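Asks: Provided herewith is a single structure, encoded as structure tokens, for subsequent inquiry.
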Amino acid sequence: MTRISRFVLIAFALLAIIAAGACRNSQPAQIGSEAPDFTLTNNGHTVSLSQLRGKPVVLVFWATWCPPCIEETPALVAMQKQLGDKVTVFAVSADVDDAAYQKFVARNMPGVLTARDGQNHSNGLYGTYAFPESFIIDRQGIIRRKLIGAVDWTSPEVLDYLSKM
């Protein structure tokens, strides 16, 4: 490879890295900081993250086309059922296809608060572009944990942590 070819290759690689970074939130949500608020409206129902303050929130960014998201859904539903009103699961889908989202939620997510953000504005506030990614937010709206990938929401450690918040 010639020097010019190497230079061009390196220049394109650097531009790609810079462009990828520019697509992300310049200051993604951090543990210990206030959770960025957002509001979503689906089928005439509006929900804001700030409305959920007063009890812990498990904020999950997911999609119906995401295999790890589908894998963790039964445990997420079981955790919400087990902990009841001690914790609110707020599952925000990145699906563009409303029909696929509605069908999946109806079949697989009973008792879980869900909303669809096909524009990916809400997950952009958190610097999240891979799914699933979850944030555990305390009663005051402060991010306490960030979990990347599928989680066993019914594990004793997770249930204990959430029930003590």
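Asks: Residues in the stretch 69-76: is at least one in a loop (DSSP other than H, G, I, E, B), surrounded by fewer than 19 Cβ atoms within 10 Å (Cβ to Cβ) and out of contact with any His (no Cβ under 9 Å at 6 or more places or on another chain)?
Replies: Within the stretch 69-76, the first condition is being in a loop (DSSP other than H, G, I, E, B), and the residues that meet it are none.
Taking every residue of the stretch 69-76 in turn, none turns out to be in a loop (DSSP other than H, G, I, E, B), surrounded by fewer than 19 Cβ atoms within 10 Å (Cβ to Cβ) and out of contact with any His (no Cβ under 9 Å at 6 or more places or on another chain).
Asks: Still on this structure, I have one more. Please find, among LEU125, LEU113, the residue that is aliphatic (A, V, I, L, M), over 11 Å from the mean Cα position of the chain (by Cα) and surrounded by 15 or more Cβ atoms within 10 Å (Cβ to Cβ).
Replies: Selected residue: LEU113, the only one of LEU125, LEU113 that is aliphatic (A, V, I, L, M), over 11 Å from the mean Cα position of the chain (by Cα) and surrounded by 15 or more Cβ atoms within 10 Å (Cβ to Cβ).
Asks: Give me the pairs: first residue in the stretch 71-100 and within 21 Å of LEU49 (Cα to Cα), second residue open to solvent by 80 Å² or more (accessible area, probe 1.4 Å), beta-carbon distance under 7 Å, and six or more apart or on different chains, which are they?
Replies: VAL77/PRO110
Asks: Whether any residue in the stretch 24-31 is of a type in the set (Gly, Ala, Ser), modelled with pLDDT under 95 and out of contact with any helix residue (DSSP H, G or I) (no Cβ under 8 Å at 6 or more places or on another chain) is what I want to check. First the steps, then the outcome.
Replies: To start, the set of residues in the stretch 24-31 that are of a type in the set (Gly, Ala, Ser) comprises 26, 29.
Those left that are additionally modelled with pLDDT under 95: 26, 29.
So of that shortlist, the ones also out of contact with any helix residue (DSSP H, G or I) (no Cβ under 8 Å at 6 or more places or on another chain) come out as 26.
Yes.
Asks: Which count do you get for residues in the stretch 115-134 that are free of Cβ contacts under 8 Å to residues at least 60 places away in the same chain and closer than 22 Å to MET165 by Cβ?
Replies: Our first condition is that a residue be free of Cβ contacts under 8 Å to residues at least 60 places away in the same chain; within the stretch 115-134, this holds for 118-120, 130.
Next, only the ones that are closer than 22 Å to MET165 by Cβ stay: none.
Residues in the stretch 115-134 being free of Cβ contacts under 8 Å to residues at least 60 places away in the same chain and closer than 22 Å to MET165 by Cβ: 0 in total.
Asks: Can you name the condition, by its number, that GLN80 falls short on among (1) of a type outside the set (A, V, I, L, M, F, W, C); (2) surrounded by fewer than 17 Cβ atoms within 10 Å (Cβ to Cβ); (3) under 17 Å from PHE61 (Cβ atoms)?
Replies: Condition (2) is where GLN80 drops out.
Asks: Collect the residues in the stretch 36-64 that are more than 12 Å from ASP117 (Cα to Cα), polar (S, T, N, Q) and surrounded by 17 or more Cβ atoms within 10 Å (Cβ to Cβ), keeping them in residue-number order.
Replies: Selection gives THR64 alone.
The values are calculated or read from the model by the stated rules, or taken from the named source; none is laboratory data. If you're wondering where the values come from, they're calculated on a predicted model, not measured in any experiment. A quick note on method: Cβ atoms are made from the backbone with ideal geometry, for glycine too, and the neighbour counts reach across all protein chains shown. The accessibility values were calculated without ligands, DNA or RNA, using every heavy atom of the protein model including side chains. Shrake-Rupley method; radii C 1.70, N 1.55, O 1.52, S 1.80 Å.
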